[in-house]
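The values are calculated or read from the model by the stated rules, or taken from the named source; none is laboratory data. Everything quoted here is computed from the prediction, not taken from an experiment. Neighbour counts run over all protein chains shown; Cβ positions are idealised from the backbone, glycine included. SASA here: full protein model, heavy atoms, side chains in, ligands and nucleic acids out. Shrake-Rupley method; radii C 1.70, N 1.55, O 1.52, S 1.80 Å.
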Amino acid sequence: MVITIESLLIIMSGLVFIILIVIFITSNSKKTYIVKEFYSLGTTNQLKVYGKNANKAIRQSIKKVYEIDDKMSVFKEFSEISKINKNAGKEMQIVSKETFYVIQKAIKYCSLSKGAFDITIRPIVALWGIGKAYQHIPPINEIKENLKFVNYKNIVIDENTSSIFLKNEKQEIDVGGIAKGYAADEVKNIILKNGIKSALINLGGNILSIGTKEDGTPWNVGIQDPTRTRGEFAITIRVVSKSVVTSGNYERYFDQNGKRFHHIINPITGYPSEGDIISATIISDNSIDGDGLSTGVYIMGVRKAIKLIEEINGVDAILITKNKEVYVTSGMIGKFTLASNEFVYKNMLFEEM
Ligand code: AMP
Ligand code: MG
């Protein structure tokens, strides 16, 4: 058989065509996102970022989270929070604009929750050993003694000089209940600046979604079943560009004498909150608001919590009680799915409140 130049050209162009199709298919089915896990803010974090600048955005984001941890960790001696605590009762401590902003926001949520959320809780948190390897039940007299210093109204702030002062020298603050929310908002800004339209920020279980999934459908966010091991959900919700922050009794705890002692402390008793709520989720645009509210709402109990969140525009709540009942604010009705049949949705009669 004689192969002419023409037929050779036809065969070759056919081959080139097939190769191009194969390249096209494989490049389209290739993962278009990058997932990165890292440890900071006392927890495990994960960033899932779509788009061509994903690597750069992730690098910048992790750097930013490390910086925030350096400024705001109560466990780092050189942090701005530690400096405020060391200067308590002595002098004003100048801090960066961002630490000032977080404290200012925190005070707002201390006040809105009528002191259920109180960042001057640190001396009590320290007694319980929360965040340390050795957690234990402290002697009652020590709890009582330290409760005297818990009062956010003793935090003096001066915006002009960007400084903070604690009136009593025994006072100490802890922004652990709100800093993750701030960090998530900062990560979101970095990701958006990189021109990315789709990402999921997960800082220790606090979720902040950017846009939709790449295929245009909403993100599906699971709310941990507080009675089961990590990864088993009680509820799922579909969100677009929303923060979903949960405070739960399963995050940090130790068991003693058959009882669970968790990390959310009631500032009235000095003991882990024993109200009706075991998981409080706040859905909001900004994560700092969700984080600041979730910790306080957990302590406040269902009735007061629903009332407070109903009063705040653009913010919603999903609460799970000890009895495995689920309560939601009016904005969430019909927008969640029970992922386990052990949980029962209770419609709160708003007019009764
Ligand atoms: P979160 O996981 O956002 O609910 O925050 C819990 C963390 O906030 C704890 O690990 C403590 O560092 C701190 N914390 C505990 N109880 C309170 C409280 N009543 N007010 C403010 N912060 C608290
Ligand atoms: Mg919180």
FRET efficiency, Glu6 to Glu342 (Cβ-Cβ, R0 56 Å, nearest 0.05): 0.15
Percent antiparallel among DSSP beta bridges confined to the chain, nearest 5, equals 95
Of Ile157, Ile94, Ile312, whose Cα points farthest to the positive end of the dipole of the chain (charges on the beta-carbon: +1 Lys, Arg; -1 Asp, Glu; origin at the Cα centre)? Ile94
Linear extension gain, Lys170 paired with Glu274, 0.36 nm per residue minus alpha-carbon span: 34.8 nm
Set the Förster radius R0 to 45 Å, insert the Cβ-Cβ distance between Gln104 and Glu232 as r into 1/(1 + (r/R0)^6), and round the FRET efficiency to 0.05. 0.75
Which percent of the accessible area of the chain is formed by carbon and sulfur heavy atoms (probe 1.4 angstrom)? 54
Helix axis angle, 5-29 relative to the chain longest principal axis, alpha carbon, degrees: 10
Set the bar at 32 Å for Cα to Cα. Now go through Lys97/Lys335; Lys71/Lys114; Lys63/Lys213 and name every pair that lies beyond it. Lys97/Lys335
At 7 Å along Cα-to-Cβ for each site, give me the label-to-label distance between Lys335 and Phe254 in nm. 4.0
Based on the alpha-carbon gyration tensor of the chain, what equivalent-ellipsoid semi-axes (square roots of 5 times the eigenvalues) come out, in whole Å, largest first? 45, 26, 18
Relative contact order (%) - criterion: Cα under 8 Å, at least six apart; region: the chain: 15
Would you kindly state how much longer the chain becomes between His136 and Leu192 on full extension, computed as 0.36 nm times their sequence separation minus their alpha carbon distance, in nm to one decimal? 15.9 nm
Among Ile282, Met300, Gln46, which residue has its Cα furthest toward the positive end of the charge dipole of the chain, with +1 on Lys/Arg Cβ and -1 on Asp/Glu Cβ? Gln46
Which aspartates and glutamates, if any, have their Cα less than 14 Å from the Cα of Lys197, not counting same-chain residues under 8 positions apart? Glu214, Asp215
Suppose each label sits 7 Å from its Cα in the direction of the beta carbon; what would the Lys144-Lys90 distance come out to in nanometres? 3.1
Magnitude of the Cβ-charge dipole (Lys and Arg +1, Asp and Glu -1) of the chain about the Cα centre, nearest 20 debye, reported as 420
Which of the peptides 195-203, 329-337, 175-183 is most tightly packed, and how do the rest follow, going by the mean number of other Cβ atoms within 10 Å of each residue? 175-183, 195-203, 329-337
With every protein chain kept in place and ligands, DNA and RNA left out, what is the accessible area per residue of region 161-226? Probe 1.4 Å, answer in Å². 35
